[in-house]
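Readers should treat all values here as calculations from the given coordinates under stated rules, not as data from a laboratory. Since this is a predicted model, take the numbers as computed values, not measurements. All Cβ positions, glycine included, derive from the backbone under ideal geometry; neighbour counts span all protein chains shown.
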Amino acid sequence: GQQLNQSPQSMFIQEGEDVSMNCTSSSIFNTWLWYKQDPGEGPVLLIALYKAGELTSNGRLTAQFGITRKDSFLNISASIPSDVGIYFCAGRTPYQTGANNLFFGTGTRLTVIP
Amino acid sequence: NAGVMQNPRHLVRRRGQEARLRCSPMKGHSHVYWYRQLPEEGLKFMVYLQKENIIDESGMPKERFSAEFPKEGPSILRIQQVVRGDSAAYFCASSPSREQGYTFGSGTRLTVV
């Protein structure tokens with residue numbers, strides 16, 4: 001399958017700080033998705049991006065679809081304790097008949113220190 | 001409008017037993033995906049199904065693992081003769097089409113003792 005490099009692997013930050021994480025790929029994607037997974041739960045979709053250059057916000061979260069179509073980043077502003085969790089990027093390759101075409105990054109584990 | 005329902009939430013099996021994991025997709029979703037997650041690791045794709053058909057099973061081990069999504073009823077992930085290495089969280093996701101975002105269930109945590 002496709003390799004998505006997600007960084008950093010983990011982050012420890014103080015409450016109130018801003019956070020930035022990113023995903024890169026050697027292949028072109030036509031969709032980028034960002035998910036958050038709370039402990040013991042399934043991933044929840046935060047933001048979906050469908051066009052190169054697109055910048056989308058969801059509350060304190062902002063994500064961008066890189067213009068090369070090979071990367072995406074997620075920013076969280078003014079972090080709060082409930083932002084703790086694992087954040088996954090996912091990229092979708094152009095349509096392939098009979099194959100899964102959504103690939104996940106390895107995740108960024110965020111710890112927010114009150 | 002219920003989300004993706006997975007059961008059981010927790011499953012304990014002895015080595016050699018069979019594990020059956022169930023997933024009911026969201027209403028209106030005909031595409032189902034199964035993922036495995038080991039502790040402290042990411043999501044590993046296993047299999048993609050669309051009603052009654054397996055579309056892509058490239059991530060599923062060739063032996064002991066099987067999946068189905070019948071015309072009626074939930075999707076089932078079956079693991080025969082479980083081994084300790086099968087212990088993991090198994091997540092199911094569904095989507096209305098393959099080009100839209102996936103909605104995940106809360107997962108089934110399988111422990112093999």
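Yes/no per residue for (1) over 28 Å from B:TYR90 (Cα atoms); (2) over 13 Å from the mean Cα position of the chain (by Cα); (3) free of Cβ contacts under 8 Å to residues at least 12 places away in the same chain:
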{"position": "A:ASN5", "(1), (2), (3)": "no, no, no"}
{"position": "A:PRO39", "(1), (2), (3)": "no, yes, no"}
{"position": "A:ARG60", "(1), (2), (3)": "yes, yes, no"}
{"position": "A:GLY105", "(1), (2), (3)": "no, no, no"}
*Mind counting the residues in the stretch B:10-27 that are of a type outside the set (A, V, I, L, M, F, W, C) and either under 15 Å from B:SER94 (Cα atoms) or without any contact (Cβ under 8 Å) to a residue 24 or more places away in the chain (or both)?*
4
_Residue under question is A:ILE86, and the condition is that it be within 14 Å of another protein chain (Cβ to nearest Cβ), within 14 Å of the chain's Cα centre (by Cα) and closer than 13 Å to A:LYS36 by Cα; does it hold?_
yes
*Of the conditions (1) within 11 Å of the chain's Cα centre (by Cα); (2) surrounded by fewer than 19 Cβ atoms within 10 Å (Cβ to Cβ), A:LEU55 clears all except one; give me its number.*
(1)
*Scan the stretch A:1-52 for residues that are surrounded by fewer than 22 Cβ atoms within 10 Å (Cβ to Cβ), more than 14 Å from chain B (Cβ to nearest Cβ) and in a strand (DSSP E or B) and jot them down.*
A:MET11, A:PHE12, A:ILE13, A:GLN14, A:VAL19, A:SER20, A:ASN22, A:THR24
_So A:GLY91, is it within 13 Å of another protein chain (Cβ to nearest Cβ) and either farther than 19 Å from A:GLN9 by Cβ or not acidic (Asp, Glu) (or both)_ = yes
*When the residues of the stretch B:42-52 are filtered to those that are facing chain A (nearest Cβ under 10 Å) and not β-branched (Val, Ile, Thr), which remaining residue is farthest from A:ASN101 (Cα to Cα)?*
B:GLY42
*Quick one: is B:LEU77 over 13 Å from the mean Cα position of the chain (by Cα) and in contact (Cβ under 8 Å) with a residue 24 or more places away in the chain?*
no
*With the checklist (1) under 30 Å from A:LYS51 (Cβ atoms); (2) within 11 Å of the chain's Cα centre (by Cα) in hand, flag the one item B:SER30 doesn't pass.*
(2)
*Residue selected from the stretch B:86-113 under the condition without any contact (Cβ under 8 Å) to a residue 12 or more places away in the chain and of a type outside the set (D, E, K, R), by the criterion farthest from the other protein chains (Cβ to nearest Cβ)*: B:GLN100
*Evaluate the stretch B:36-45: report whether one residue or more is in contact (Cβ under 8 Å) with a residue 60 or more places away in the chain and closer than 17 Å to B:SER106 by Cβ.*
yes
